[in-house]
Every structure is written in structure tokens, then in C-alpha cells.
Amino acid sequence: MAIRIAFYSAFALLLAAYLGFEVYVIGLERAHFSMHPLETRDFANYWMAARLVADGHPQILFDPVAYLAALREQFGPDYPWHNWSYPPHFLFFCLPLAYLPYQAAWALFLGSTLVFFYAAARAYVRNVIPGPEGRATWTDPLFCMLPLAFVVANIRFAQNGFLTGGLMLFAFAFWRSRPAIAGVFLALLTVKPQLGLLLPLLLLLDRNWTAILSAVATTLALGVASAVAFGGDAWVSYVTVSMPYQTRVLTEFGDGDPYLAMMLSAYTAMRSLGYSGAAPWLAQGVFAIAGLALLATVLTRAGDDATRFASLLLATFLVVPYTFNYDAGALVVACAALAVCAGRQWRRCAQAGLSSGATEARFRALSLVAATPILANLMAIFVAPLGPAILLGALAAVALAAVTPLPAARPASLAAASG
């Protein structure tokens, strides 16, 4: 109990520190820009995209210079740099926003996607951790608290993390029971394709042919529908202009800019430390190879989906160089659910007088992952970019627990919580 109270207190202090820091940053934004601070958020991309499409000018989105000019015409000449980085079918999600004033659209988008994320998290826990264990996880105060860091970060930047996190969680929730529906959610997740980079590996490993066919068919349908709705040139421009420009954003931009501190990869960690050239890519390769090796260990040794899904998400954030703290919704929920299960298992071992160091390590490391959307951001700004190390340590703890047998004399009820 003392450990849990200490954890709650530390987490609350972390949230308070982050909120205090962001209040300070917003104050600076008010002093520097002529527009309201809400208008400098990433949500401006979605609202502006909707307006441009409604006015019949979707091509402007895929021209960085023309798009920034349109933003400055709308919000003012000192509007900060933004660029459009999404494939054309993401515009289907944005279109309803065109018919609302900016701040009303902001509230609608974040509110509706938060409800979607909540429903997805509930479905994930109920379906992936079935029975009494799942019900106990959903109502556990620790599980209810752990995703708060991600929720605060996503609202702060007015991003689409509730939407993409919800799509991933729903896909996992229906992975086995309704694979065709899971495939639809996976196809919708292609609005941010880097987040699903390793999903084909798990689909093939599970021989989930129904989900694969559903995902492919839905993705093709989305591509055709968006080409019809917004013009085939939108896809050509996305491939030939937007994607290369995003590569430049990753590799060339950001020197001295706080946005590098919001990213969770080893590549951006090295860049934020002042390294350039081959060194960041070398670090990214080391973390990616280590992550894939640990993921392979988990997938070949762990039998439960909660462990497999959380490990896949941890490995994804280690492999992909372009990930932000607001992209971590599914990661946080999956790790929080697994942490709560590991914590219960660890306490049962302690009550029975049994040792389970691997389970304790898994509980602590996965709980720490839940704080990374805020913790990694603050540490990158004030100490050092330790986000990738936290993710790798958590995946190592999960792999250790997967290869370490539970104490032989454990109670029979403990088996239900293992994995």
C-alpha cells in the first residue's frame, strides 16, 4: 500500500509539474503571437484542411509554401510554421469541422475522439483480458490513473492521438472475435501508417487471414474513395511532395525547436543532443534491432494477447523514428493494463511468500511507460532525452518475465493472472 501511495503521489506531482510548465509556455505564446494560443495548436491543420476542401482547394494542402500562406491569411502574418502530412483519406475525418467556428470545432474534435478512445480502451480491456481479471483491471484505480499523462499531452497539443489510439485498441479488441471488423480499424489507421508498421508481422504470425483481407480491401476502398472525392492528384502530390517533405521535417528541421523533445525515438533523441549525420541513424538502428530481438522473444514465449500486443507497441515505438508523445495512446493503455495485471500477480506472490522479481520488474517498468508522454517531454527539455531508454527497458522487463517461470508453489488462482 505504501508503494502504491508513493507512486500515486509521484505521478500527481509529475502531472502538476507538466501543467505548470505548459501554463508558462502558453503565456509565452500569448505574448509572442497575435492569435489565441488555441489557434497555434496542431488542430489548426485539421480545421484548415476541412475549410480548403469545402472551398474546393484540396491541392493547397500538399504544397507546403501555399499551405502556410493560406494559414497566415486565415490567422495572421506571424502564424508559426505548420505543414500537412496526412494521406488524402484522412480528410474524411476532417470534413465535418469545416462548418464550425475554430474553437467549437476544436472542442467537438477533442471531445468526440476522447469518447471514442474511452470506448476503445474499455473494449480492449474487456476483450483482451477477459473474465474477472479484465473487470478488475478496468476498475483498478491505478489503471484509471495511468493514461492521464497521455490524455493531458494530447489535449495540450490538440492532436489526433485519441483517434489513432482508439483505432489501434479497437483492432486489438476484435483481433480474434471479429477479425473482419479488426481489419477495418487497421485500414483506418493508415491515416498514420507509421503506427502500424509492425502489425503485418503479427497478422501473419497469427495467420489472421480474415483481418488481412479486410484491411487490404478497406484500404483500397479508402484510396479509391479519396481519389474520387479529392482528385487523383491529391495522392500524387502526397507521394511526391508531402512524404519527401516529411522526411526533411524529420532529418533537417527542429534544431533548437521544442518539438524534438515531444518525440520518442532514439533518432530524435540524438538529434536533440546536437548530433547529426550518421550518429542518430546508428542509435536508431541499435534500439530498433534490440526492440525487434526482444519482441521476437516475447512472441515466441508468451501465450497471452495482452503481453503480445503491449510488446508489439513498445517495439513499434523503438523501430519507428517518427513518433510523438501524443501518438502513444494505444501504447499507454496496453502497458497500463499489463502493468495492473502484473501488479496483482506480484502482490499475490508476496502474500504467498514467493519471490517473483521478473513480475515486479515488469510492473514497475510498464507503469513508468504510462508516464512517458509527459515524463519524456520534460526530461528531454531539462535533463536528457530518455524516452527510448524507458521504452526499451520496459520491453526488456516484459521479455524477462516471459522467459522466467513463475514460482512453482504459486496458488492455482495465480495462473489466470500470468503472462
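The values are calculated or read from the model by the stated rules, or taken from the named source; none is laboratory data. Note that the coordinates shown come from a computational prediction; the quantities given were computed from them, not determined experimentally. Don't worry about glycine lacking a Cβ; one is built from the backbone with ideal geometry, like all the others, and counts go over all protein chains shown.
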ask   = Which numbered condition trips up P87, out of (1) on the phi > 0 side of the Ramachandran plot; (2) surrounded by 19 or more Cβ atoms within 10 Å (Cβ to Cβ)?
value = (1)
query = What about L110, is it free of Cβ contacts under 8 Å to residues at least 24 places away in the same chain, under 24 Å from Y322 (Cα atoms) and in a helix (DSSP H, G or I)?
reply = no
message = If Q74 meets every condition in (1) part of a helix (DSSP H, G or I); (2) under 27 Å from the mean Cα position of the chain (by Cα); (3) buried (at least 16 other Cβ atoms within 10 Å of the Cβ); (4) not acidic (D, E) apart from one, which number is that one?
response = (2)
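Kindly establish whether G27 is more than 15 Å from N154 (Cα to Cα), without any contact (Cβ under 8 Å) to a residue 12 or more places away in the chain and part of a loop (DSSP other than H, G, I, E, B). I'd like the intermediate steps shown before the answer.
Numbers: more than 15 Å from N154 (Cα to Cα): yes; without any contact (Cβ under 8 Å) to a residue 12 or more places away in the chain: yes; part of a loop (DSSP other than H, G, I, E, B): no.
Answer is no for this residue.
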Pick from the range 148-202, criterion free of Cβ contacts under 8 Å to residues at least 60 places away in the same chain and outside any helix (DSSP H, G or I), ranking: nearest to N377 (Cα to Cα) = F174
inquiry  = Quick check on W47: is it modelled with pLDDT of 95 or more, buried (at least 21 other Cβ atoms within 10 Å of the Cβ) and over 30 Å from F174 (Cα atoms)?
reply    = yes
ask   = Hey, does the range 88-98 have a residue that's farther than 30 Å from R248 by Cβ and either outside any loop (DSSP other than H, G, I, E, B) or modelled with pLDDT under 95 (or both)?
value = yes
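Could you say whether any residue in the range 311-329 is within 21 Å of E133 (Cα to Cα) and surrounded by fewer than 24 Cβ atoms within 10 Å (Cβ to Cβ)? So that I can check it myself, show each step before the final result.
Just the residues of the range 311-329 that are within 21 Å of E133 (Cα to Cα), to begin with: 311.
Those still in the list that are surrounded by fewer than 24 Cβ atoms within 10 Å (Cβ to Cβ) too: none.
Scanning the range 311-329 turns up no residue that is within 21 Å of E133 (Cα to Cα) and surrounded by fewer than 24 Cβ atoms within 10 Å (Cβ to Cβ).
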note = Within the range 191-207, residues buried (at least 19 other Cβ atoms within 10 Å of the Cβ) and of a type outside the set (A, V, I, L, M) come out as K192, G196
query = For the range 309-345, which residues satisfy the criterion of being modelled with pLDDT under 95 and among the charged types (D, E, K, R)?
reply = R344
note = The condition of being within 19 Å of S112 (Cβ to Cβ) and touching a helix residue (DSSP H, G or I) at 6+ places or on another chain (Cβ under 7 Å) holds, among L169, L202, L186, L148, only for L169
task = Could you run through the range 333-358 and say how many residues are within 26 Å of M168 (Cα to Cα) and buried (at least 22 other Cβ atoms within 10 Å of the Cβ)?
result = 11
request  = Determine, yes or no, whether G111 is on the phi > 0 side of the Ramachandran plot and of a type outside the set (K, R).
outcome  = no
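Criterion first (surrounded by fewer than 17 Cβ atoms within 10 Å (Cβ to Cβ), over 21 Å from V319 (Cα atoms) and modelled with pLDDT of 95 or more) does T218 satisfy it?
Values: surrounded by fewer than 17 Cβ atoms within 10 Å (Cβ to Cβ): no; over 21 Å from V319 (Cα atoms): yes; modelled with pLDDT of 95 or more: yes.
When the stated conditions are applied, T218 does not pass them.
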inquiry  = Of the conditions (1) within 25 Å of L15 (Cβ to Cβ); (2) crowded, with 24+ Cβ neighbours inside 10 Å, T307 satisfies every one except a single condition; which number is it?
reply    = (1)
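Return the residues of the range 359-386 that are under 21 Å from A17 (Cβ atoms) and crowded, with 24+ Cβ neighbours inside 10 Å; say none if nothing qualifies. Break it down into steps so the answer makes sense when it comes.
To start, the set of residues in the range 359-386 that are under 21 Å from A17 (Cβ atoms) comprises 364, 367-386.
Hits for the range 359-386 are V369, A370, T372, P373, I374, A376, N377.
Collect the residues in the range 1-24 that are without any contact (Cβ under 8 Å) to a residue 60 or more places away in the chain and either in contact with a strand residue (DSSP E or B) (Cβ under 9 Å, 6 or more places away or on another chain) or part of a helix (DSSP H, G or I) (or both), keeping them in residue-number order.
Kept after step one, since they are without any contact (Cβ under 8 Å) to a residue 60 or more places away in the chain, are these residues of the range 1-24: 1-3, 5-6, 9-10, 12-13, 16, 20, 23-24.
A2, I3, I5, A6, S9, A10, A12, L13, A16, G20, V23, Y24 - these are the residues of the range 1-24 that are without any contact (Cβ under 8 Å) to a residue 60 or more places away in the chain and either in contact with a strand residue (DSSP E or B) (Cβ under 9 Å, 6 or more places away or on another chain) or part of a helix (DSSP H, G or I) (or both).
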Pair list, Cβ under 9 Å, 6 or more apart: the range 387-407 residue crowded, with 22+ Cβ neighbours inside 10 Å, other residue modelled with pLDDT of 90 or more and not in a helix (DSSP H, G or I) = G387/M263; G387/L264; G387/S265; P388/L264; P388/S265; L391/L264
ask   = Using beta carbons and a limit of 6 Å, which pairs, at least six apart or on different chains, have the first residue in the range 322-340 and part of a helix (DSSP H, G or I) and the second one surrounded by fewer than 24 Cβ atoms within 10 Å (Cβ to Cβ) and of a type in the set (D, E)?
value = V340/D140
